[in-house]
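Chemist: First the structure, which I've put down as structure tokens, then a few questions once you've had a look.
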Amino acid sequence: MHIFGDEEVQAVERVLRSGYLFRYTSGQPSESDLFEKEWRERLGCRHALAMSSGTAALISGLVGLHVGPGDEVVVPAYTFIATALAPLAVGAIPVLAEIDESLTIDPGHLQQVITPRTKAVIPVHMCGLPCDLDAISRIASQNDILLLEDCCQAAGGHYRSTPLGTIGQAGAFSFNQFKIITCGEGGALVTNDSDVFQRALVYHDTGCVFRDNESLQNLPSFAGVNFRITDILTAILRVQLQRLPKILRSLRREKAVFREELSSVPDLRLNPSHDQDGDCGTVFPILFETPQQAARVLNSLNEHGVPAVSPINSERHVYSNWEPVLSKRGAHHPLLDPFQLVAITPDYSRDMCPRTLSILARTIYLETSATRSESDLLSLIRRVKQLLR
Ligand SMILES: *Cc1c(COP(=O)(O)O)cnc(C)c1O
């Protein structure tokens, strides 16, 4: 969303002038340490680990949860492709579940795709819309399945007053350019489980028990990668974190005004929400009877300058465009490919989740803005009302 000001510029300058950009210091707490502390306090969780991306956070989270070859991980058919590729990166197989009209994973279908091999589920709070975490948590605990929340689009959201990311065993956040708060590229893993945290810590820093994690000598070390963040980025994130409440307030307020003002439009159907207050407010979804009707309205909104999109057009956020999954090319080399490692793999096809495709094609998003003036919003809504009638 990139709302930057002088404060971000000053934060970057402070770090640059210090001459030390590396997150692990020998002396006082680094910007990254401080960001992690502030993010922990904001979410009320025990551990936070900043890293290079949301994808890195998802992969490290799965490593933390001991997910690996032979395991299946359920992901929704509507999410950024990174959610579905994260299981492959740790040797596991992604299993797709339909979404329902809430645009998040359908708990009923989650139940149906569970097999004895299912180790984890990654519910995704798409566009800041909270998943049905009560139903998902119930199914997960009944089936002994771990829960990794993908909160990459939902920083600051909550479900029944509990911050998103802290309800499952772990939560992954992204701070790339297009997210609610951003430092260009970045991410964070949060958890209350110190085993998950320590494994992710070691994995994300070249698999070594050294530097700030020297105290983990009892944890058998294993090979890892470098997903470290730099202090330049976390210095920016610390400023962004201070902006977050205001950004969310603006987005949620716009969404509430949309809801209020459009309630008088006859037959207008909104996608159901699992928590209207916890929703981040980044989009205002409207559901139509047919894809043709949605496309017609979308065209006329766009022609009249109203910022609106349909999620069916969101490319790699729709499973039917996930080429590496559909073609079962799960790694750069066949001997590392999870699809080659196990006897039973899912049958993927472009039409395997017809309900997801139908719901996405029948939905359009009016886009909210954190910077629009009240009068611009109201004039936009007047146009929307006319076009919907
Ligand atoms: C952005 C995003 C990711 C990946 O985050 P990166 O920081 O780009 O790696 C994962 N899942 C979802 C739902 C996202 O929107």
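The values are calculated or read from the model by the stated rules, or taken from the named source; none is laboratory data. Note that the coordinates shown come from a computational prediction; the quantities given were computed from them, not determined experimentally. Counting neighbours? That spans all protein chains shown, and the Cβs are built from the backbone with ideal geometry, glycine included. For the accessible areas, the whole protein counts, side chains as well, though only heavy atoms, and no ligand, DNA or RNA atoms are used. Shrake-Rupley method; radii C 1.70, N 1.55, O 1.52, S 1.80 Å.
Chemist: Identify the residue in region 68-92 that is crowded, with 24+ Cβ neighbours inside 10 Å and over 14 Å from the mean Cα position of the chain (by Cα) and, among all such residues, is farthest from the ligand (Cβ to nearest atom).
Modeler: GLU72
Chemist: Another question about this same structure. Could you give me the residue pairs with C-beta distances under 6 Å whose first residue belongs to region 7-21 and is among the basic types (Lys, Arg), whose second residue is open to solvent by less than 40 Å² (accessible area, probe 1.4 Å) wherever it lies, and which are 6+ apart or on separate chains?
Modeler: none
Chemist: Give region 119-134 a look and list any residue that's away from the ligand (no atom under 11 Å from the Cβ), touching a Phe, Trp or Tyr at 6+ places or on another chain (Cβ under 7 Å) and closer than 12 Å to ALA154 by Cα, or say none.
Modeler: Passing the criteria: only PRO130.
Chemist: For ASP347, which of the numbered conditions (1) within 22 Å of the chain's Cα centre (by Cα); (2) part of a loop (DSSP other than H, G, I, E, B) fails to hold?
Modeler: The number of the failed condition is (1).
Chemist: Looking at the structure I just gave you, is LEU146 crowded, with 20+ Cβ neighbours inside 10 Å, more than 16 Å from the ligand (Cβ to nearest atom) and not basic (Lys, Arg)?
Modeler: So LEU146 passes the test.
Chemist: Same structure again: Looking at region 299-320, which of its residues are surrounded by 13 or more Cβ atoms within 10 Å (Cβ to Cβ), within 16 Å of ILE359 (Cα to Cα) and within 16 Å of the ligand (Cβ to nearest atom)?
Modeler: Matches in region 299-320: VAL309, PRO311, ASN313, SER314, HIS317, VAL318, TYR319.
Chemist: When you scan region 175-211, how many residues do you find that are within 21 Å of LEU237 (Cα to Cα), away from the ligand (no atom under 16 Å from the Cβ) and not polar (S, T, N, Q)?
Modeler: Adding up the residues that qualify gives 3.
Chemist: Still on this structure, I have one more. Would you pick out the residues in region 352-371 that are loosely packed, with under 14 Cβ neighbours inside 10 Å and touching a helix residue (DSSP H, G or I) at 6+ places or on another chain (Cβ under 7 Å)?
Modeler: None; the set is empty.
Chemist: Mind telling me which of the residues LEU189, LEU201, LEU164, LEU133 ends up being open to solvent by 10 Å² or more (accessible area, probe 1.4 Å) and of a type outside the set (Ser, Thr, Tyr)?
Modeler: The conditions single out LEU201.
Chemist: Do we have ALA256 as assigned to a helix (DSSP H, G or I), at pLDDT 95 or above, within 17 Å of SER369 (Cα to Cα) and among the small types (Gly, Ala, Ser) here?
Modeler: yes
Chemist: Of the residues that sit in region 149-174 and are in a loop (DSSP other than H, G, I, E, B), polar (S, T, N, Q) and touching a Cys at 6+ places or on another chain (Cβ under 9 Å), which one is farthest from the ligand (Cβ to nearest atom)?
Modeler: Looking at residues that are in a loop (DSSP other than H, G, I, E, B), polar (S, T, N, Q) and touching a Cys at 6+ places or on another chain (Cβ under 9 Å), I get THR166.
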